[in-house]
1. How many of the residues in the stretch 88-110 are more than 10 Å from the ligand (Cβ to nearest atom) and of a type outside the set (Lys, Arg)?
2. From the set of residues in the stretch 45-71 that are among the basic types (Lys, Arg) and at pLDDT below 75, which is most open to solvent (accessible area, probe 1.4 Å)?
3. Of all residues in the stretch 79-109, which are open to solvent by 20 Å² or more (accessible area, probe 1.4 Å), among the hydrophobic types (A, V, I, L, M, F, W, C) and within 15 Å of the chain's Cα centre (by Cα)?
Amino acid sequence: MRAPIKAFLLDQRRIAGVGNIYASEALFRAGVHPATPAGRVHKRAAPLLEGVRAALEGGIARRGTTLRDYVDAEGRQGDNAAALLVYGRADEPCVRCGAVIRRRVDAGRATFFCPRCQRR
Ligand SMILES: [Zn+2]
């Protein structure tokens, strides 16, 4: 498993893909750099799974993430964007350590991460 963990999380063949936004959120929560080879993440597997669970639960509770014009089945806009910890926050201070959040592109998808909390 040499694929970067970010690509691994997005891979629909393995775990029904957690989605681009929640992959960034889960990696931040677990303190895992998005370019870490997936096979090296086993030591951090428990916190990463917890990060995925927490990110998804937060998103579901808030009816999804509105970045453009998403509405749920009842036509209500989601309001999770304000609760995202790193996604969409490039150049803003990290909520944990104050370092500047960075944006990078992995496999054509934007990834947001904290360079201090998520070391390689
Ligand atoms: Zn940080």
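The values are calculated or read from the model by the stated rules, or taken from the named source; none is laboratory data. It should be emphasised that the depicted structure is a prediction, and the values quoted were computed from it without experimental measurement. All Cβ positions, even for glycine, are placed from backbone atoms using ideal geometry, and neighbour counts span all protein chains on display. Heavy atoms of the whole protein, side chains included, go into the accessibility calculation; ligands, DNA and RNA do not. Shrake-Rupley method; radii C 1.70, N 1.55, O 1.52, S 1.80 Å.
1. The number of residues fulfilling the criteria is 9.
2. Among those that are among the basic types (Lys, Arg) and at pLDDT below 75, it is ARG68.
3. ALA81, ALA82, ALA83, LEU85, ALA90, VAL95, VAL105, ALA107
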